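Colleague: Pasting a structure below so you can have a look.
The values are calculated or read from the model by the stated rules, or taken from the named source; none is laboratory data. Remember, predicted model here, so these are calculated numbers, not experimental data. Positions of Cβ are generated from backbone atoms using ideal geometry, with glycine treated the same way; all protein chains shown enter the neighbour counts. Just the protein is used for accessible areas: all its heavy atoms, side chains included, with ligands, DNA and RNA removed. Shrake-Rupley method; radii C 1.70, N 1.55, O 1.52, S 1.80 Å.
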Amino acid sequence: MKLLINLIRNLLGGIIAAIDLITRGSKLKRTADAQQQVEIELEKLSLFQFFACPFCIKTRRAMYKLNLPIVKRNASQGSPFRDELLQGGGKVQTPCLRIEKENGVEWLYESSEIITYLEKRFV
């Protein structure tokens, strides 16, 4: 039964991901210098995610529209990034944005909070 549920979840997630790719709008335009500066700042961020998770798709879609090529880390079962997420963030929940700061690391969960953070910081 659990195998069937996982199969259905992955199938639906794959369909949602495909629709997302087809319906994406355009990226935010910046000057080359401004984009280069943003990308330097993005080196301190990484997104822990599952490919077919609807909330991860929502977050990746916002990242695309904001023109933020943040490193994505797959937290699927057996992945070393899953262990990193559990050890650092305290739970295996995606999406989760890892933010390196001068005084440590912040783990930001919840797609809406991640998107709000990115919009405030990079728009």
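Colleague: Within the chain, which is the longest segment that contains none of the trypsin sites (Lys or Arg not before Pro) sitting in a DSSP loop with at most 11 other Cβ atoms within 10 Å?
Modeller: By the stated rule (loop sites, at most 11 other Cβ atoms within 10 Å), 30-90.
Colleague: Now, a different point. Once both axes come from the Cα atoms, what is the angle between helix 111-122 and the longest principal axis of the chain, in degrees from 0 to 90, rounded to 10?
Modeller: Once rounded, one gets 10 degrees.
Colleague: Using the alpha-carbon atoms, what tilt in degrees (0 to 90, nearest 10) does helix 2-23 show relative to the longest principal axis of the chain?
Modeller: 30
Colleague: Could you tell me the largest-minus-smallest coordinate of the C-alpha atoms of segment 1-76 on each of the three principal axes, in descending order and whole angstroms?
Modeller: 52, 26, 12
Colleague: Could I ask something else about it? Express as a percent, rounded to the nearest 5, the fraction of DSSP beta bridges in the chain (both residues included) that run antiparallel.
Modeller: Of all bridge pairs located within the chain, approximately 70 percent are antiparallel.
Colleague: Along the charge dipole of the chain, Cβ charges K/R +1 and D/E -1, which of ASN10, THR59, LEU45 sits furthest on the positive end?
Modeller: Looking along the dipole axis, the top candidate is ASN10.
Colleague: At most 15 other C-beta atoms within 10 Å and a DSSP loop state: those are the exposed GluC sites (Glu not before Pro) I care about. Give me the longest piece of the chain that has none.
Modeller: Answer from the scan: 44-101.
Colleague: Still on this structure, I have one more. How big is the dipole moment of the chain about its Cα centre under a simple scheme where the beta carbon of each Lys and Arg is +1, that of each Asp and Glu is -1, and everything else is neutral? Debye, nearest 20, please.
Modeller: 480
Colleague: Still on this structure: In whole percent, and with a 1.4 Å probe on the protein chains, what portion of the accessible area of the chain is carbon and sulfur?
Modeller: Of the solvent-accessible surface of the chain, carbon and sulfur hold 58 percent.
Colleague: Let me ask another. Find the cysteines in the chain that fail to meet the 4.7 Å Cβ criterion with every other cysteine, and list them.
Modeller: Cys with no partner Cβ under 4.7 Å: CYS96.
Colleague: Here is a further query. For the chain, take the longest principal axis of its alpha carbons; what is the angle in degrees between that and the long axis of helix 80-89, to the nearest 10 within 0 to 90?
Modeller: 70
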